[in-house]
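Undergrad: Below you will find the structure I want to go over with you.
The values are calculated or read from the model by the stated rules, or taken from the named source; none is laboratory data. It should be emphasised that the depicted structure is a prediction, and the values quoted were computed from it without experimental measurement. Because the Cβ atoms are built from the backbone with ideal geometry, glycine has one as well, and the counts that use them run over all protein chains shown.
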């Protein structure tokens, strides 16, 4: 072991309580950073996923009254954009559900369920029954169950589409999308069913997509590249970012405030370490003076304290990450909602935690620069005179 | 005998606005293997001279030559290295590092030179501790030893790099009369055995008179320089 490092470790060991207190100070800073960071990221991810997780993130739609022809070929072309997780062709028709004298408006949405489930997860949102498979089957939003239409699984219902005529459906299930507007307006069925009802060929009204998680915030650029690939200005390409500016500015505000908290925590940690290390230099000035008298070079004398900062930083970072993870674990275990899931799901990102640790180490080393400079300048004559 | 240390025309002036001259044209030379003492009352310039001798301070004018090297031409790093290799230090207060054991303290000047601690060096450290009579306590922390023991560790430490000069500043100033006698005898024995040049700074005339040469500093000048027959 080189001498400055040896001296640093021995000095730290000789004042165990003092060392422990500084390490704890750094650790508390790091743990706050890890915890707040994970909390805010988790909160944002959960907000984003709750808001747009079960909806189309980029939608290619035909202008009102028109349809997209040859969508298979379009989807084929767009497959080259690999940030997209799934393309789901959709055909919507507005109409009225009629049962006896009772009527209710509805939006009948035709899906290819193997694709649509990847966006809407209908299969997990069914409260009863199954998803439609044949031409005359429909699943309705759960609010219809309590409507004057008095529907249950197995009921038959007429659906009238203006210009498309009326068709009788069997209700095969109900779904709950957790959004009352959808629960009270959507009916879902197969794509072919709606095409048949509208009397159009193999056409759709829109192609809905979901983006892979890593690229979720890149929606506007992905949408732009879709537009370029489509090369057809009649289609409208909309993306969730442009449609949710308020949410995004909220998220941004949250990110900034989280960053500010983390920065101030780190500043206070740095100041704390710097002042404690400055005191250690005072305490050890006799030792440094004697070592210098015996020929220790100024550079090595300052290295002793740089090493002390580094060691304290490493120990503090390790303890802080453990504390932060412990705190996060406690939070997700004890701060739970009525259903037993955490109030805010934390997002534990190893890269972020690693970065927090590295910042703490760098900060501790940086903080030790001042005491290192003091140690370098320490006058041997002064130390010996004042013994 | 060649000179291990030569001071010529040394002056030292402190302060620039109100200059205070502490040393006036001091010429001094120490021959290899001699046992010297420097005495002087406080305020005589003794400590300033000592700091110049141990290269911790530089003279305002004049030259200091140690083992043939003029320290004026050397950078601070080189002076540190020279001090480490050529001068052994014994202080009034033992100045051991309390965080280290006696043996580690003895090895410290060698470790400062950044050379790997070989088996020979380790054995030398053990030998020196045996020599000063501390074989039983060499793995004790410095703080767990008596004052006399600590000063003997400091003596062993001053010798580890085989320096040509040992500068002892009031080496017995902090010890009772029995320990003083023992420490003095030890220094004498080292001088005889290793031919190390000793310069002992003291205010105690009885100690000074035991040396081969007595130099008295008064008002920044050499007042007296008596050499006894070797």
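Undergrad: Is segment A:288-301 home to any residue that is outside any helix (DSSP H, G or I), surrounded by fewer than 18 Cβ atoms within 10 Å (Cβ to Cβ) and in contact with a strand residue (DSSP E or B) (Cβ under 7 Å, 6 or more places away or on another chain)?
TA: No, segment A:288-301 has no match at all.
Undergrad: Among the candidates B:217, B:200, single out the residue that is surrounded by 13 or more Cβ atoms within 10 Å (Cβ to Cβ), under 14 Å from the mean Cα position of the chain (by Cα) and either more than 22 Å from residue B:4 (Cα to Cα) or at pLDDT 85 or above (or both).
TA: Criteria check complete, one pass: B:200.
Undergrad: Right, another one. Would you tally the residues in segment B:91-109 being under 24 Å from residue A:5 (Cβ atoms), more than 9 Å from chain A (Cβ to nearest Cβ) and buried (at least 23 other Cβ atoms within 10 Å of the Cβ)?
TA: Result for segment B:91-109: 3.
Undergrad: Please find, within segment B:28-49, the residue that is surrounded by the fewest Cβ atoms within 10 Å (Cβ to Cβ) out of those that are over 18 Å from residue B:9 (Cβ atoms) and within 14 Å of another protein chain (Cβ to nearest Cβ).
TA: B:42
Undergrad: Take the residues in segment A:355-387 that are over 32 Å from the mean Cα position of the chain (by Cα) and closer than 14 Å to residue A:270 by Cα; name whichever of them is surrounded by the most Cβ atoms within 10 Å (Cβ to Cβ).
TA: A:368
Undergrad: Hey, another quick one. Which one of these does residue A:181 not meet: (1) within 36 Å of the chain's Cα centre (by Cα); (2) over 18 Å from residue A:96 (Cβ atoms); (3) surrounded by fewer than 20 Cβ atoms within 10 Å (Cβ to Cβ)?
TA: All conditions are met except number (2).
Undergrad: Of all strands (runs of 3 or more DSSP E) completely enclosed by segment B:134-230, which ones contain at least 3 residues that are more than 14 Å from every other protein chain (Cβ to nearest Cβ)?
TA: In segment B:134-230, B:197-202, B:213-218, B:221-227 are the strands (runs of 3 or more DSSP E) which contain 3 or more residues that are more than 14 Å from every other protein chain (Cβ to nearest Cβ).
Undergrad: Let me ask something else. Could you check segment A:93-192 for strands (runs of 3 or more DSSP E) lying wholly inside it with 2 or more residues that are modelled with pLDDT of 85 or more, assigned by TED's automatic domain parsing to the domain that holds residue A:71 and under 26 Å from residue A:49 (Cα atoms)?
TA: A:102-111, A:126-129, A:137-141, A:165-175, A:186-190
Undergrad: As an exercise: evaluate residue A:124 against (1) under 14 Å from residue A:193 (Cβ atoms); (2) within 38 Å of the chain's Cα centre (by Cα) and give the number of the one condition it does not meet.
TA: Among (1) under 14 Å from residue A:193 (Cβ atoms); (2) within 38 Å of the chain's Cα centre (by Cα), residue A:124 violates only (1).
Undergrad: I'd like the residue in segment B:8-27 that is away from chain A (no Cβ under 14 Å) and buried (at least 21 other Cβ atoms within 10 Å of the Cβ) and, out of all such residues, is nearest to residue B:65 (Cα to Cα).
TA: B:10
Undergrad: What helices (runs of 4 or more DSSP H) completely inside segment A:1-82 contain at least 3 residues that are away from chain B (no Cβ under 14 Å) and either in contact with a strand residue (DSSP E or B) (Cβ under 8 Å, 6 or more places away or on another chain) or within 30 Å of residue A:327 (Cβ to Cβ) (or both)?
TA: Counting at least 3 such residues, we get A:16-52, A:71-78.
Undergrad: Against the definition (farther than 25 Å from residue B:22 by Cβ and either more than 8 Å from every other protein chain (Cβ to nearest Cβ) or without any contact (Cβ under 8 Å) to a residue 24 or more places away in the chain (or both)), how does residue B:125 come out, yes or no?
TA: Taking the combined requirement at face value, the residue satisfies it.
Undergrad: Between A:304, A:241, A:269, which is over 30 Å from residue A:56 (Cβ atoms), away from every other protein chain (no Cβ under 14 Å), outside any loop (DSSP other than H, G, I, E, B) and out of contact with any strand residue (DSSP E or B) (no Cβ under 7 Å at 6 or more places or on another chain)?
TA: Residue meeting the stated conditions: A:269.
Undergrad: I've got another one for you. Could you identify the single residue in A:283, A:262 that is under 29 Å from residue A:5 (Cα atoms) and either under 20 Å from the mean Cα position of the chain (by Cα) or surrounded by fewer than 16 Cβ atoms within 10 Å (Cβ to Cβ) (or both)?
TA: Matching residue, one of A:283, A:262: A:283.
Undergrad: Quick check, is residue B:117 surrounded by fewer than 13 Cβ atoms within 10 Å (Cβ to Cβ), in a helix (DSSP H, G or I) and within 11 Å of chain A (Cβ to nearest Cβ)?
TA: no
Undergrad: Of everything in segment B:53-90, what is part of a loop (DSSP other than H, G, I, E, B), within 9 Å of another protein chain (Cβ to nearest Cβ) and closer than 18 Å to residue B:112 by Cα? Give them in sequence order.
TA: B:54, B:56
Undergrad: When you scan segment A:345-354, how many residues do you find that are surrounded by 14 or more Cβ atoms within 10 Å (Cβ to Cβ) and not in a loop (DSSP other than H, G, I, E, B)?
TA: Matching residues across segment A:345-354 total 2.
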